[in-house]
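Read through the structure below, which is laid out as structure tokens, and then see the notes.
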Amino acid sequence: MANLQQNSNNPKASYEYRRKKHAEEMRMQVITFTMMIFFTVIAFAAVGAGFSKWFIIPFVLLLAVVQVIFQLYYFMHMSHKGHEAAQLFMYSGVLVGFITILTFLTIIWW
């Protein structure tokens, strides 16, 4: 990718760069929103089709996790620079939550 300067002395070049970046970001948000609506329709269709609950529950949870990732990275702007500390805390919380649930499931099942 070309090395584009964000802060240039030329205001027109800076404006064009910001406009291009905003258009690209908006396009990604629209695509992500469309995919999330599609995933929701798929989840409703899978439940409405009457599949087994052993298929439905993991499938819907998988679609939910994908939608959470889309929400964080595209609508909450976690893909931008400067959000590393927030990402660290969120991923640490997810890891602690997963380990806690796994621990309790292990204690109950064995």
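Extension gain for Thr106-Ala13 works out to 27.6 nm (0.36 nm per residue, less the C-alpha to C-alpha distance).
Taking the longest Cα principal axis of the chain as reference, the axis of helix 53-70 is set at about 20 degrees. Between Gln29 and Phe51, full extension at 0.36 nm per residue minus the direct alpha carbon distance yields a gain of 4.8 nm.
Which value results for Rg/Rh of segment 1-79 when Rg is the Cα radius of gyration and Rh the Kirkwood radius based on the inverse mean 1/r?
Details: Rg = 19.0 Å, Rh = 15.2 Å.
Rg divided by Rh gives 1.25.
Of the residues Trp54, Ala23, Thr34, the one whose Cα sits farthest toward the positive end of the charge dipole of segment 1-79, with +1 on the Cβ of Lys and Arg and -1 on the Cβ of Asp and Glu, is Ala23. Once the Cα atoms of helix 11-48 and of the chain are each reduced to a long axis, what angle between those two axes, in degrees from 0 to 90 to the nearest 10, is obtained? Here the helix axis deviates by roughly 20 degrees. How high is the relative contact order of the chain, given as a whole-number percent (alpha carbon pairs under 8 Å, six or more residues apart)? Over the chain, the number comes to 19 percent.
Since every read-out is calculated from the coordinates, none of them should be taken as a lab result. A quick note: this is a predicted structure, and the numbers were derived from the prediction, not measured. Positions of Cβ are generated from backbone atoms using ideal geometry, with glycine treated the same way; all protein chains shown enter the neighbour counts.
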